[in-house]
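See below for the structure under consideration.
All of the numbers you see were taken from the coordinates with simple rules; none came from a lab. On a predicted model such as this, the values are computed, not experimentally measured, just so you know. Backbone-built Cβ (ideal geometry, glycine too); neighbour counts: all protein chains shown.
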There are 2 protein chains.
Amino acid sequence: MTDITPFINELTALLGERGLIREPDAMARYVSDWAGDTLGMPLAVARPGNTAEVAEVVKCCYAQGVAMTPQGGHSGLVAGALPAANGQELVISLERLNNVRAIDPVNFTITVDAGCILENVKLAAFDHDCDFPLSLGAQGSCQIGGNIATNAGGLNVLRYGMMRELVLGLEVVLPDGRVWESLNALHKDNRGYDLQQLFLGSEGTLGIVTGAVLKLSPRPNQNRTALLGMPSVQAVTDLYGLARRDCCDLLTAFELIPRRCIELAIEATPELRDPLDSVYPWYVLMEVAATGPVDLGSMLEQLLETGMERELVLDGALASSDTQAAQLWQFRESMLEGQRRRGEHLRTDISVPISAIPDFVRQASEVVMAASPECEIIAYGHVGDGNLHFNILPPMAMANSDKKAHLHDLEEQLFDVLDAFHGSISAEHGIGRTKQAPYLSRLSPIERELVSGVKALFDPKGLMNPGRILPAEK
Amino acid sequence: MTDITPFINELTALLGERGLIREPDAMARYVSDWAGDTLGMPLAVARPGNTAEVAEVVKCCYAQGVAMTPQGGHSGLVAGALPAANGQELVISLERLNNVRAIDPVNFTITVDAGCILENVKLAAFDHDCDFPLSLGAQGSCQIGGNIATNAGGLNVLRYGMMRELVLGLEVVLPDGRVWESLNALHKDNRGYDLQQLFLGSEGTLGIVTGAVLKLSPRPNQNRTALLGMPSVQAVTDLYGLARRDCCDLLTAFELIPRRCIELAIEATPELRDPLDSVYPWYVLMEVAATGPVDLGSMLEQLLETGMERELVLDGALASSDTQAAQLWQFRESMLEGQRRRGEHLRTDISVPISAIPDFVRQASEVVMAASPECEIIAYGHVGDGNLHFNILPPMAMANSDKKAHLHDLEEQLFDVLDAFHGSISAEHGIGRTKQAPYLSRLSPIERELVSGVKALFDPKGLMNPGRILPAEK
């Protein structure tokens, strides 16, 4: 498109002045995300107010051959929802589609616009003694549409599943602007191919999700949190199997935390005190929650006792109040801030079978230490999901200009170790742009053919979030 | 293919004599299923012994343009895995692929051949203090591959989900004979489009599943069963919400049973005694199960007490032993036998939002009774899934020759009521052939286009289980 004026005029007529942003200052908010990734400036930012407007905007783009970047709450970690550097993509922000459409506490479902902020959906569910159990650090800003596009995970996956297991129905604007309405509120439905599964985790490359029916759970009315000192990663995975059984599958979180993270947390939040009397190489932060008459306190005490008898657990602190529980969780949050303060570092988001976690951590650590002895390794994660954030902090003394290449090199070596464990290079963050190279290099020819075929089937013109997951078609 | 001799010779060379069946008597076992559906005779029955042999058989068919019918344990209910009447389809039975390949109790996974019988997979899990929680009436004969192809449900979906939520990885022979190996044992994996979701519920129309990694749970070491007398369907759905909360989501089953089913059960199994002192219009059969230190007995007693206080529950029997629990479950099983004895009747497998169950049952009953006052309605099902088997027994006096058309007419009227509740005409059985007409008539043009596109992408020659879900391409 050489002259974009008619296209912009058409969008302005459709959306009104507040529905279209063109000034660079006002657009700045839409070009970077939480992780600090920034690629470039969009052609414009469209802010449709409802599904019909999204459909009209997409129809315009389809007719004119304009590429689209659907955008949620800017908390992605793989640059999947940022406009390309070429200035040719129209950002379509879902932020104005933010209504809870309906809630049915008897059916345990809520129907929402895709632009609803996760936290608001949780609050709406609370009002009916229900919970939408997806729990993420970014829940105060991320949007349901982004959670769907990335098949979001988070802290409570071991109990409630990923976003895929929490979605019953979808409303999607397809790349040509037609609306596929499939807002079923059915817990069971086996009518042929389940197309909505394709949109879950497709990172906005097959269409724009505008609405969804989500599955709710009863809201737990009690929970207990414990922080345990552990001798080894092996003890952590052993304890996990015990905890699944002895806690009746009421576990909502079971986090592996290395000693270094406790120190980073205290660095970031100096009022935190070392949580246990001694120092341990590894820690487990765990939580159980229930909705009915169960004595969670004695359940946890009993688990700890068994764990200590079997020499899996060395020491533990059980929170006896919500305040104490919040203090224990503060370590999990502050350790992230502690990492951020160290500046540029390698973030990974990988998964292996749970049984492989101990060997993987050992082998990967050996490889990284051999390649770069002055690095610091921070391996923490969600044990029940086999999901580790095996992160690497470069030496403090290293020049900033050298860090990127060095970390990239370490990531490649780390991923080679991961391949031997049949692991995933992206457990929950997705592929976007930043994981595309290692993703593509591991894709078999059959997979490449099928994945490309799915993309071409839904988006034959290649206009919907091009260059994410797969390279843009030339 | 006018002369099939070279094709048969090629298969015989590949599979040996025991791997290929051609005699009509020996083939008879492969042409009908549990429900009594029979369509015709196949070209032959191939019984490959491993994935490589499946791939070779499929390659032959692809080269020669021979249609294929993948087949599991003959317990389907929509004639999806039976060879067509035209004698042109090769049945590919998975029954010889029946090995448990690996079990990893720390990762809570088991890797199996697709021909493994569900019961055997459960037994293999028990040996490691785990459970594969899919529970079906047909579990002694149905195969994992069929469970995957139909996205099987069953009794415990409210706790553990459908088959879709229990599958982590797949191995599939594609319609051209290439093997797509994606046997990941990862609980979290967000690498691009999740292709395996398409095979789940695709009823063998996109490829042949030959292996799978399944998710295990800890094996419950205690459970409690209760049978409750209820005043109304509304009381049943109200109690369900209470039970989800007061039983800490430890519910494994919550079945709605009408009075007529208790009578049918006693007709079929005369040693059964009426389970409660009085007669109630509706019953709930429920079960809770746990792996740890929870007092399930007092949990259930407390629920009953609350239910009675709120006048939701009128009476109840709590099993105090495994034998008593088995007796209560006997009603659920015998009532199916009681229905079978009534000969030809309308079986449906529908779903609505849980909150709509009372109104749907009332309206649908009114419509059926108005159209055919001498019919008997038997509406039972899985409340937590919104899944009802709203079945209709024709009048005893009706001539057999009239029944089929009459029941078909009633089914259409029933489905019209269902449409008003945004329900599904197939909650767990799938589409196959027998539900194809009502499925297609409800498919929107967009859906028809996308579903056909997916079929064409995976199976461009249209040879894989043609005519199931979608009509065969001409």
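Things worth noting here:
- Given charges at Cβ of Lys, Arg, Asp, Glu: the stretch A:11-102 dipole, positive-most of A:Ser32, A:Ala52, A:Ala79: A:Ala52
- Residues A:Asp3, A:Asp127, A:Asp194, arranged from fewest to most other Cβ atoms within 10 angstrom of their Cβ, appear as A:Asp3, A:Asp127, A:Asp194.
- Note: the stretch A:350-420, Cα convex hull, 75 Å³ per residue.
- Label point at B:Asn98 placed 7 Å out along Cα→Cβ; residues across the stretch B:138-172 whose backbone nitrogen lies under 19 Å: B:138-149
- Straight-distance crosslink candidates among aspartates and glutamates, where the alpha carbon sits under 15 Å from B:Lys455 and sequence neighbours closer than 8 are dropped: A:Asp194, A:Glu449, B:Asp176, B:Glu203, B:Glu447, B:Glu473
- Estimated Rh, chain A: Kirkwood, alpha-carbon pairs, angstrom: 23.6 Å
- Taken about its Cα centre, the protein assembly as shown carries a charge dipole of roughly 1640 debye when the Cβ of each Lys and Arg holds +1 and the Cβ of each Asp and Glu holds -1.
- Folded to 0 to 90 degrees: helix B:400-420 orientation relative to chain B principal axis, Cα: 70 degrees
- Diffusion coefficient, µm² s⁻¹, Stokes-Einstein with Kirkwood Rh over alpha-carbon pairs of the stretch B:306-410 at 25 °C and 0.890 mPa s: 154 µm²/s
- In the stretch A:63-150, the alpha-carbon atoms span a convex hull of 108 Å³ per residue.
- Kirkwood Rh and Cα Rg combined as Rg/Rh, the protein assembly as shown: 0.96
- Sorted by Cβ density within 10 Å, fewest first, the residues A:Arg191, A:Arg22, A:Arg260: A:Arg22, A:Arg260, A:Arg191
- Kirkwood hydrodynamic radius of the stretch B:100-218, Cα pairs, Å: 14.1 Å
- Base-10 log of normalised Debye intensity for the stretch A:5-93 (one unit scatterer per alpha-carbon) at q = 0.12, 0.18 Å⁻¹: -0.32, -0.72
- Positive-end residue, chain B charge dipole about Cα centroid, Cβ charges, pick of B:Phe126, B:Pro175, B:Gly207: B:Pro175
- Dipole check for chain B: with +1 at the C-beta of Lys and Arg, -1 at the C-beta of Asp and Glu, and the Cα centre as origin, the magnitude is about 940 Debye.
- Between the stretch A:308-340 and the stretch A:1-71, the Cα center-to-center distance that results, in Å: 44 Å
- Whole-number D in µm²/s for the stretch B:222-341 (Stokes-Einstein; Kirkwood sum over Cα pairs; 25 °C, 0.890 mPa s): 170 µm²/s
- The chain B residue nearest the rotation axis shared with chain A, using its Cβ and rounding the distance to whole Å, is B:Gln197, 2.
- For a straight C-alpha distance cut-off of 24 angstrom, the lysines reachable from B:Lys403 (same-chain residues fewer than eight places away being disregarded) are B:Lys435.
- Against chain A, whose longest principal axis is taken from its Cα atoms, helix A:51-64 shows a tilt of about 60°.
- When each of B:Met286, B:Met398 is scored by the number of other beta-carbon atoms lying within 10 Å, the sequence from fewest to most is B:Met398, B:Met286.
- Kirkwood hydrodynamic radius (C-alpha pairs) into Stokes-Einstein, the stretch A:363-474, 20 °C and 1.002 mPa s, D in µm²/s: 133 µm²/s
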